[in-house]
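Beneath this line is the structure, given in C-alpha cells, with notes to follow.
The values are calculated or read from the model by the stated rules, or taken from the named source; none is laboratory data. The model shown is predicted, which means the values in this text are computed figures rather than measured ones. Methodologically, a virtual Cβ is constructed for each residue, glycine included, from the backbone with ideal geometry; neighbour enumeration extends over all protein chains shown.
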C-alpha cells in the first residue's frame, strides 16, 4: 500500500474482488449549451494539471484524474467520505462538436471545458428584409 | 443517464457491485458505530479524517470556492467548517446537467479528545481544504524502556 491509498483504504476483500476500475469517483458536472458551443464544468478536488487526463476518442470524451493526497506516513483513516483517489467519467459528443478546438482549464479543483461547435454549423442569423 | 450502459468501464453491473459492497460494509460489517454527528452519504462537502500519534488531518473536498469565504472554527474537539459556494449561472444557456453543489454548507467534525485547539493550521490547494490539528504532548504514546 502506498501513501496515496492510505486514507482511501477499504477492506482487504474489496481489493481482491473488485477490479481497479470499479472504485472510481464520478465527478459532478454542470453542462450547458449556448449558440457557439457546450461548456462542461466538473468538480475534481485534489487533482493537479499534471494528473489530469483528457481524451477524445472518436466521439467519446473521457475525463480522468488522480488526486494528489499528501498523506503523512503512518496515518490512520478514522472517517472517509472519499474512498478512492481516482476520478473518471465520459461523455459521448455529437458530430457538430469541433473536438480539435476543445479548451480546458483547471482552477481550484474545478475543470472547465469549452467544446465549440464547428464554425460552419453555428447558427446564422437570417435577416428578413421587408420590402 | 445512459453513459453507464455505453461506457464499458463504468458498466451498470460494476455500479451494482460497488453498491452491494458499500451496503455490506454499512450493514453486515458495521465495524464502527456511526457518529451522532454523521451526515447522509453525498453531503457536500465530502470529508476525510486521518490521525497520526501527533496530529489529526482533516481533508475537506470543496472545489471552486473563494478561500476567504471559509469559516473554520474549533471548540475543544469540535471542528466546524462553514462556507459558501456560489455558482455563476449562464443566462440564456441551455442546461443539460446541474449536479454541482451551489449554496451554503456547514459540517461539524468530532475530533479526538486530545487535540490542541491552539495549534491548528489550514491551507486550500487544488480545491482541497487541509486542516492540521496538533495533538497534545501528554496524549502521545510514550515508549518505556526496560532496564
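Could you list all residues from the range A:39-68 that are modelled with pLDDT under 90 and at the interface with chain B (Cβ under 7 Å from one of its Cβ atoms)?
Of everything in the range A:39-68, just one residue is modelled with pLDDT under 90 and at the interface with chain B (Cβ under 7 Å from one of its Cβ atoms), namely A:68.
Tell me which strands (runs of 3 or more DSSP E) are completely within the range A:45-131 and hold 3 or more residues being more than 21 Å from residue A:33 (Cβ to Cβ), or say none if there are none.
Strands (runs of 3 or more DSSP E) meeting the threshold: A:47-57, A:60-67, A:76-80, A:86-92.
Of these, B:104, B:91, which one is out of contact with any strand residue (DSSP E or B) (no Cβ under 9 Å at 6 or more places or on another chain) and either in contact (Cβ under 8 Å) with a residue 24 or more places away in the chain or farther than 20 Å from residue A:46 by Cα (or both)?
B:91
Any chance you could count how many residues in the range B:90-128 are in contact with a helix residue (DSSP H, G or I) (Cβ under 7 Å, 6 or more places away or on another chain) and more than 16 Å from residue B:45 (Cα to Cα)?
Within the range B:90-128, residues that are in contact with a helix residue (DSSP H, G or I) (Cβ under 7 Å, 6 or more places away or on another chain) and more than 16 Å from residue B:45 (Cα to Cα) number 1.
Across the range A:57-77, what is the total count of residues that are out of contact with any helix residue (DSSP H, G or I) (no Cβ under 9 Å at 6 or more places or on another chain) and within 15 Å of residue A:40 (Cα to Cα)?
Selection size over the range A:57-77: 2.
Tell me, please, whether a residue that is more than 30 Å from residue A:38 (Cα to Cα), within 13 Å of chain A (Cβ to nearest Cβ), in contact (Cβ under 8 Å) with a residue 40 or more places away in the chain and surrounded by fewer than 11 Cβ atoms within 10 Å (Cβ to Cβ) can be found in the range B:134-145.
Taking every residue of the range B:134-145 in turn, at least one turns out to be more than 30 Å from residue A:38 (Cα to Cα), within 13 Å of chain A (Cβ to nearest Cβ), in contact (Cβ under 8 Å) with a residue 40 or more places away in the chain and surrounded by fewer than 11 Cβ atoms within 10 Å (Cβ to Cβ).
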